[in-house]
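Enquirer: Once you've had a glance at the structure underneath, I'll fire off some questions.
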Amino acid sequence: MTLRLEKDGAIARLSIDRAEKRNAFTQVMWEQFPVLLGDAMADDAIKVLILHSAAPGIFSAGADIAEFGAGALDPDWRTRNQAAIARAQIELARAPKPVIAAIDGVCVGGGCGLAIACDMRVASATSRFGITPAKLGLVYSLHDTKLLVDLVGPAQAKRILFTAQLLDAAEAARIGLVEIIAADPLGEAMALATTIAEASSHSVRETKKIVRRILDGQADDDSETQALFAGAFTGADFQEGVSAFLEKRKARF
């Protein structure tokens with residue numbers, strides 16, 4: 001199995017397990033990814049998902065170039081491949097629950113595309129990042145380019161895409177491609193996920209919706225966002241949060 005989903009309490013882990021090929025994604029893996037992602041999102045017990053490699057020292061080398069090179073001249077295969085990749089990236093970027101990428105080692109191409117579609121990234125100091133369509137004469141999709149621009153700004157996105165060079169973890173953190181550098185990225189991601197899982201799922205979920213609206217270009221409140229704000233005051237999580245504060249105890253959401 002090259003992808004697997006494991007659930008432990010409120011946290012799920014989606015593992016990439018093809019280390020012998022540097023976790024390169026095949027067509028089957030791109031098609032499998034949103035199915036497993038959807039499983040985690042549909043499970044009410046799961047509050048946070050972590051995307052990581054099953055083996056240390058490699059996150060993902062992106063698309064399987066051998067398979068891609070063989071199929072790229074077939075219009076039908078190319079259409080299926082592009083559709084599968086787009087579905088994986090878009091559904092990950094718009095997943096309703098928080099997703100954290102735990103990155104150790106090389107994170108390039110489509111692997112980096114998956115990482116930037118997550119809500120946050122925790123990386124080891126030895127990680128390397130790059131998006132390299134310019135090395136193959138290809139063009140990055142608008143959706144994925146926007147994800148990159150949203151994270152690092154247009155000039156840094158151009159530098160990454162124009163040069164196809166790899167960035168070390170320190171540089172990636174400096175420009176906003178990575179949020180946290182840790183000696184044990186999976187352990188740090190688990191700790192972060194635990195903290196998020198202890199917060200109000202309602203607050204986290206609705207805040208993620210609002211951030212997505214902002215990234216999609218919305219600048220002012222509308223009736224829906226005003227309703228989200230007002231409706232929270234009558235919700236069970238608000239009642240529990242206030243009770244916990246007054247009783248000087250930890251909230252149990």
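Bear in mind these aren't lab numbers, they're just calculated from the coordinates by the rules spelled out. Note that the coordinates shown come from a computational prediction; the quantities given were computed from them, not determined experimentally. Every residue, glycine as well, gets a Cβ built from its backbone with ideal geometry; the counts of neighbours run over all protein chains shown.
Enquirer: Compute the long axis of helix 142-152 from its Cα atoms, compare it with the longest principal axis of the Cα atoms of the chain, and write down the angle in degrees, 0 to 90, nearest 10.
Expert: The angle comes out near 60 degrees.
Enquirer: Taking 0.36 nm per intervening residue step and subtracting the Cα-Cα distance, what contour gain separates residue 17 from residue 162 on full extension?
Expert: Separation in residues times 0.36 nm, less the Cα-Cα distance, equals 49.2 nm.
Enquirer: In a Gaussian network model over the chain where Cα atoms closer than 10 Å are linked, find which of 224, 91, 206 has the largest mean-square fluctuation.
Expert: Most flexible of the set in this elastic network: 224.
Enquirer: When the Karplus curve 6.51 cos²θ - 1.76 cosθ + 1.60 is applied with θ = phi - 60°, which whole-Hz ³J(HN,Hα) does each residue of segment 208-215 get, with x for Gly and Pro?
Expert: These are the phi-based 3J(HN,Hα) values: 4, 4, 5, 4, 4, 4, 4, 5 Hz.
Enquirer: In a Gaussian network model over the chain where Cα atoms closer than 10 Å are linked, find which of 226, 89, 27 has the largest mean-square fluctuation.
Expert: Judging by the Gaussian network model, the answer is 226.
Enquirer: Hey, another quick one. Let me spell out the model: positive unit charges on the Cβ of Lys and Arg, negative unit charges on the Cβ of Asp and Glu, origin at the Cα centre of segment 200-246. What dipole size does that give, in debye rounded to 20?
Expert: Here the size comes out at about 200 debye.
Enquirer: Separate question: In nm, what is the difference between 0.36 nm times the number of residues separating residue 250 and residue 170 and their Cα-Cα distance?
Expert: 25.2 nm
Enquirer: Still on this structure: For the chain, take the longest principal axis of its alpha carbons; what is the angle in degrees between that and the long axis of helix 236-246, to the nearest 10 within 0 to 90?
Expert: Helix 236-246 sits roughly 60 degrees off the main axis of the chain.
Enquirer: Still on this structure: Which part of segment 198-213 falls in the paramagnetic zone of residue 242, meaning amide N under 19 Å from the point 7 Å along Cα-to-beta-carbon?
Expert: Once the point is set 7 Å along Cα→Cβ of residue 242, 200-204 turn out to lie under 19 Å by backbone N, inside segment 198-213.
Enquirer: Separate question: Once both labels are modelled 7 Å past Cα along the beta-carbon direction, what's the residue 41-residue 72 spacing in nm?
Expert: Result: 2.9 nm between the two label points.
Enquirer: Let me ask something else. Say each of residue 146 and residue 213 gets a label point 7 Å from the Cα, pointing the same way as Cα to Cβ; how far apart are those two points in nm?
Expert: 1.7
Enquirer: Can you tell me which lysines have their Cα less than 29 Å from the Cα of residue 248? Leave out same-chain residues fewer than eight positions away.
Expert: Cα-Cα hits under 29 Å: 47, 97, 208.
Enquirer: Turning to a different aspect of this structure: Taking the Cα centre of each part, how many Å lie between segment 18-80 and segment 144-200?
Expert: Cα centres, segment 18-80 to segment 144-200: 19 Å.
Enquirer: Mind checking the dipole of the chain: about its Cα centre, +1 per Lys or Arg Cβ, -1 per Asp or Glu Cβ, Debye to the nearest 20?
Expert: 340
Enquirer: At 7 Å along Cα-to-Cβ for each site, give me the label-to-label distance between residue 94 and residue 10 in nm.
Expert: Here the modelled spin labels are 2.7 nm apart.
Enquirer: Of the beta bridges DSSP finds with both residues in the chain, what % are antiparallel, to the nearest 5?
Expert: If I count the DSSP bridges inside the chain, around 25 percent turn out antiparallel.
Enquirer: Restricting to DSSP H runs of at least four residues, report the calculated mean residue ellipticity at 222 nm for the chain, -39500 (n - 2.57) per run over all residues, nearest 500 deg cm²/dmol.
Expert: -15500 deg cm²/dmol
Enquirer: Also, I was wondering about something else. Pairing the Cα long axis of helix 27-42 with the longest principal axis of the chain, what angle in degrees results, from 0 to 90 and rounded to the nearest 10?
Expert: With rounding to tens, the tilt is 0 degrees.
Enquirer: If the chain between residue 220 and residue 126 were fully stretched, how many nm would it gain, using 0.36 nm times the residue separation less the Cα-Cα distance?
Expert: Result: 29.8 nm gained on full extension.
Enquirer: Where does the charge balance sit around residue 14 when Lys and Arg score +1, Asp and Glu -1, over other residues with C-beta under 11 Å from its C-beta?
Expert: 0
Enquirer: Using DSSP, restrict attention to beta bridges with both residues in segment 21-169 and report what percent are antiparallel, rounded to the nearest 5.
Expert: Rounded to the nearest five, the antiparallel share is 10 percent.
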